[in-house]
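In what follows, a structure is listed as structure tokens, so that the remarks can point back to it.
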Amino acid sequence: MQMYLPIAEVSVNAYLLLGLGGIVGLLSGMFGVGGGFLMTPLLFFIGIPPAVAVATGTTQIVASSVSAFLAHLRRKTVDMKMGGVLLGGGMVGAGLGVLAFNYLKALGQVDLMVTLFYVVFLGTIGSLMFIESLTAIRRARRTGGPVKPVKRRHRNWVHILPIKVRFRTSGLYISIIPPVIIGIGVGILTAIMGVGGGFIMVPAMIYLLGMPTKVVIGTSLFQIIFVTAFTMLLHAVTNQTVDVILGVLLLLGGVIGAQIGARIGVKLKAEQLRILLALLVLAVCGKLALDLLLMPSELYSIGDARGGQ
């Protein structure tokens, strides 16, 4: 069943979009990730223009993050004060990211730059994740049991910076400068790449800020919801690149896939899940890189140069 997407200006099979949303939802349920960093490049592969894929992909991130955040809120595992600081930085970063996105779009280079961002980003993340997973598996085999988590230092450079604030839920008394910087970085990534940024923010909150793991995920989701929604609004107003029909179809498939993925995920070991996710990320990175290097079947296309399509 072909369906015309008015903003993307392409016709795509509706069942393909539902299936794509289901696959990413399945992976989200299995691996505990938002899926934005996989959804956006997969949309590239089926012919959705990168500008539309980036802006529309944020709709699924917002929807999937809200339900998870409410669950953490009921458990009282959200540091609202820390979330507010991260959110402030994220809003600034999102604004800067959309400005950069609009500049690249005006130059007609947004498609190329977004794809390059993904190749570098996915290649780096996938390689690091793959190496870490292999190391964890080898260590588990040597010790004959599960790998013990690395202990965090209680004091580091974060504690000597000025403008300190007490975060009671996290049990921290640190400068607000690092959380603001983390928020800005994640906001820029959200605007340019259409990702939630949780897979960067969560490790940063644990290892740089020293937050307890139990409050990290809920606090991260709080920031992701509002920054991603703000980014989606900015893209819709300034670029008109949010395709509602595309977003709804992806969301419907994602909800079903996430439920199935969650049941599969509990049957696999953590090290196995991480290495599978790393291989998937590297495969997507390789496909994007190959598309950049190979000569396209059509050497030119007719379109609006201002839109980069």
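The values are calculated or read from the model by the stated rules, or taken from the named source; none is laboratory data. Everything quoted here is computed from the prediction, not taken from an experiment. Cβ: placed from backbone, ideal geometry, glycine included. Neighbour counts: every protein chain shown. These area figures cover heavy atoms from the full protein model, side chains too; ligands, DNA and RNA do not enter into them. Shrake-Rupley method; radii C 1.70, N 1.55, O 1.52, S 1.80 Å.
Can you tell me what the convex hull of the Cα atoms of the range 172-239 projects to on average, as an area in nm²? Write out the running numbers ahead of the final one.
Values: hull surface 18.0 nm².
So the Cα hull casts an average projection of 4.5 nm².
What net charge do the residues around Phe222 carry, taking every other residue with its C-beta under 12 Å from that of Phe222, with Lys and Arg at +1 and Asp and Glu at -1?
Values: positive: Lys81; negative: Asp79.
Charge balance near Phe222 sits at 0.
Would you tell me the accessible area of Val120, worked out with a 1.4 angstrom probe on the heavy atoms of the protein chains, in Å² to the nearest 10?
My reading of the accessible area for Val120 is about 100 Å².
Beyond 16 Å, what share of the Cα-Cα pairs of the range 14-124 remains, rounded to the nearest whole percent?
Details: 4183 of 6105 pairs.
Summing the P(r) tail past 16 Å for the range 14-124 gives 69 percent.
As a test question: what accessible area, to the nearest 10 Å², does Ile192 have when a 1.4 Å probe is rolled over all protein chains in place?
20
Can you figure out the FRET efficiency of Ile177 with Met3, using R₀ = 45 Å and their beta-carbon distance, to the nearest 0.05? List each step's numbers first, then the result.
Values: r = 47 Å, r/R0 = 1.06.
Approximately 0.40, to the nearest 0.05.
Grab the beta carbon distance between Leu233 and Arg141, set R0 = 41 Å, and tell me the FRET efficiency rounded to 0.05.
So the FRET efficiency works out to roughly 0.25.
Taking R0 as 30 Å, what's the FRET efficiency between Val244 and Val120 from their Cβ-Cβ distance, rounded to 0.05? Kindly include the intermediate steps, with their values, before the conclusion.
Details: r = 31 Å, r/R0 = 1.02.
Calculated transfer efficiency: 0.45.
Tell me, in nm to one decimal, what length is gained between Gln109 and Leu290 on full extension, where the rule is 0.36 nm per residue of separation less the Cα-Cα distance? Present the calculation step by step, with values, prior to reporting the outcome.
On the way: separation 181, 0.36 × 181 = 65.16 nm, distance 1.85 nm.
Extra length available between Gln109 and Leu290 comes to 63.3 nm.
On the full set of protein chains, 1.4 Å probe, figure out the accessible area of Lys287 and give it in Å² to the nearest 10.
Ignoring ligands and nucleic acids, Lys287 comes out at about 90 Å².
Given points 7 Å out from each Cα along the Cα-Cβ axis, report the Ile260 to Asn102 separation in nanometres with one decimal.
4.1
May I ask for log10 I(q)/I(0) of the range 2-293 at q = 0.08, 0.10, 0.16 Å⁻¹, from a Debye sum over the Cα atoms as equal point scatterers with solvent left out?
-0.34, -0.54, -1.36
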